[in-house]
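See structure below.
Read-outs: derived from the displayed coordinates by stated rules, not from any lab. Since the model is a prediction, treat every value here as computed from it, not as a measurement. Here Cβ is always computed from backbone atoms with ideal geometry, including for glycine, and neighbour counts include all displayed protein chains.
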Amino acid sequence: MKYNKLYYILSLFTIAALLLFSAQSLKAAQNEEEGFNAGPFIIEHVIDSYGWHICGDGDKSVTIPLPIILFDDGLQVFSSSHLHHGEAAYNGYAMGWGENKGSIVKLQDDYTGHLEEGQEYAVDHVCKFNISITKNVCALFLSLALIIWIFLSVAKQYERHPNEAPRGLQGLIEPVVVFLQDEVINPSLGDKAAKYTPYLLTLFFFILLNNLMGIIPIFPGGANLTGNIAVTGILALFTFFITQFSGNKEYWKDIVNTPGVPWWLKIPLPIMPFVEFIGIFTKPFVLMVRLFANITAGHIIILGFISLIFIFGQMTPVLGFAVSPVSVLFYIFMGCLELLVAFIQAFVFTLLSAIYIGMACGNEEHEEHTELAK
Amino acid sequence: MELIKPSFGLIFWMLIGFSILFFILARFAWPVITNGIASRNKKIQDQLDEAAKVHEEMEKIHLRHDEMVAQAKADRDAILAEARKISAEIQENAKAKADSEAQAIIEEAKKAIHFEKMKAMTDVKNEIANLSIDIAEKVMAQELSDKAKQEQLISKWVEENQLN
């Protein structure tokens, strides 16, 4: 009883806080002269940025400035706060606009200071070797530290208390590891499982943790790391290289001379070998796009629901208030869905990676799994 | 289009970061964790096997114990039966011996009685003979007196003898 009461009070408080917060944001949005534009608002929230925006809007916003690192005529390191969200230049460096949006550009003169609106600034070149610690890189480091900490402490538990019942964090991690080993890694890889287990487990927990961190709307979560194509691309690239390097003779023979296919598909025009060759690259490509699209789509839908409040609020504030509970409800629903998706996508990426590697290793007894993959 | 344009910086850091993560976990975490799980699994399996073995052993012991109890009971019954038989035999023997002894004593007594009887008969015969001689003597002595007196006297002595 007591717990239930507390629960209701807490829920009411949360909803009230959300309403108040949205009302405040509404006022801020109304104050902007150009009005609220949902498209750029949403994109701005799912892409990378040079600072970690925490709260507030415009000049009053609270942002953690992150370092910009460039290899452009020597090493250039400076804080992103010098660039004022793209409104200023520092030693000739400024945030790109138009087709260079998202990059750092070098202006033709080494200008430092405010960039006037409406004035044309000539771009000398785009900085190619830009290894700035952006919001996503920062989130990457945070998640790496978190994963390393979690798993080293769990490993320590195993060392300290060998052959004992799992406790604490160990009890949370172990069922997942056992599930992955028994349901994903061992069935796909058979006797070669031990060799690839470290990679696949690392992959799963990296994706899962970053998916979950991405759902958290406030610092230190909120960076859309697994919804970034560079991140999913690198993960897919790892799977791609591991698959190719573990490919045995059978694997390559099947690509060149696919069994079970009529001969006229191979000679004189090598259609089938060509399709198989393309298949080598489409598999990791699909891995990359699937994770990226799933996570980004979830975030876009949530941001869309939140945007509804502002869109209606622009018409009349009352409408904005009326819509906000609906938006919040949909947000909660989508949040639950995203939680599910976070697990599913981590699982699917790992499962498919395991199957691709298993196919390359030529594990005869797991034909059914390979069928599933197609 | 910024959404689907991978940035160089993130690719760079991701390559380094994920490689570092992989090497640290592959070196220090996964072997320990997977071996830990495998070793615990093995231990549990071993203990289960051992428990099954012990259970089997226990069953065997139980069986043997039952057998032993049954054997002991059978032995006891046999011993008791033997004892009963022996005791019956002893009783039988004792009875037969007592009977034969009693018979012997009776025989002896009968013999003794017969002997005594014979002896008494002999004595009586001798006494009667003596008495007859005495009477004959007295009759002889009185023979010359009157005949009536003689008869009176004889009947008087016969009477006396009869009374004796």
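When only the Cβ of Lys, Arg, Asp and Glu is charged (+1, +1, -1, -1), the dipole of chain B relative to its Cα centre reaches about 1540 debye. When peptides A:60-68, B:40-48, A:209-217, A:189-197 are ranked by their average number of other Cβ atoms within 10 Å per residue, the highest-first order is A:209-217, A:189-197, A:60-68, B:40-48.
Within 10 Å of each Cβ in A:151-163, how many Cβ atoms from other chains are there, averaged over the peptide?
Working: counts 8, 5, 1, 4, 10, 3, 3, 10, 4, 0, 1, 6, 7.
Mean number of neighbouring Cβ atoms from other chains: 5.
Taking A:Pro220, A:Pro175, A:Pro268 in turn, the Gaussian network model of chain A (Cα-Cα springs below 10 Å) assigns the largest fluctuation to A:Pro268. Where the alpha-carbon atoms of segment A:169-293 are placed on the principal axes, they occupy 60, 32, 20 Å, in descending order. When the GluC sites (Glu not before Pro) in segment A:156-234 are filtered for DSSP coil states and for at most 13 other beta-carbon atoms within 10 Å of their beta-carbon, the remaining sites are A:Glu164. Checking every one of the chymotrypsin sites (Phe, Trp or Tyr not before Pro) in segment A:84-140 against DSSP loop status and a limit of 14 other Cβ atoms within 10 Å picks out A:Trp97, A:Phe129. Each residue, A:Val261 and B:Lys42, gets one label point 7 Å from its Cα in the Cβ direction; the gap between the two is 4.5 nm.
All C-alpha to C-alpha distances of segment A:88-197, sorted into 5 Å bins beginning at zero, yield P(r) values of 2, 9, 12, 11, 10, 9, 6, 5, 7, 8, 9, 8, 3, 1, 0 percent in whole numbers.
Which whole number gives the average count of other chain Cβ atoms within 10 Å of the Cβ atoms across peptide A:216-228?
Taking the mean over all residues of the peptide, I get 1.
The trypsin sites (Lys or Arg not before Pro) found in segment A:242-335 include none that occupy coil by DSSP while having at most 14 further C-beta atoms within 10 Å.
How much mean residue ellipticity at 222 nm does chain A get from its helices, if each DSSP H run of length 4 or more adds -39500 (n - 2.57) and you divide by all residues, to the nearest 500 deg cm²/dmol? Could you put the intermediate results ahead of the total?
Details: 11 runs with 225 residues, N = 374.
Rounded to the nearest 500, it is -21000 deg cm²/dmol.
Mean-square fluctuations from a GNM of chain B, with a 10 angstrom spring cutoff on Cα atoms, peak among B:Ile113, B:Ile16, B:Ile105 at B:Ile16. Measuring nothing but how far apart in sequence close Cα pairs (under 8 Å, 6+ apart) lie, relative to its length, chain A scores a relative contact order of 18 percent.
Given R₀ = 60 Å, what would the calculated FRET efficiency be for B:Ala94 paired with B:Glu56, taking r from the Cβ atoms and rounding to 0.05? Before the final figure, lay out each step's value.
On the way: r = 57 Å, r/R0 = 0.95.
The pair B:Ala94/B:Glu56 has a calculated efficiency of 0.60.
Which peptide among A:43-54, B:82-93 comes first, and what is the full order, when sorted by highest mean count of other Cβ atoms within 10 Å?
Highest mean packing first, the order is A:43-54, B:82-93.
With a 10 Å cut-off around each Cβ of A:192-204, the average count of Cβ atoms from other chains is 3.
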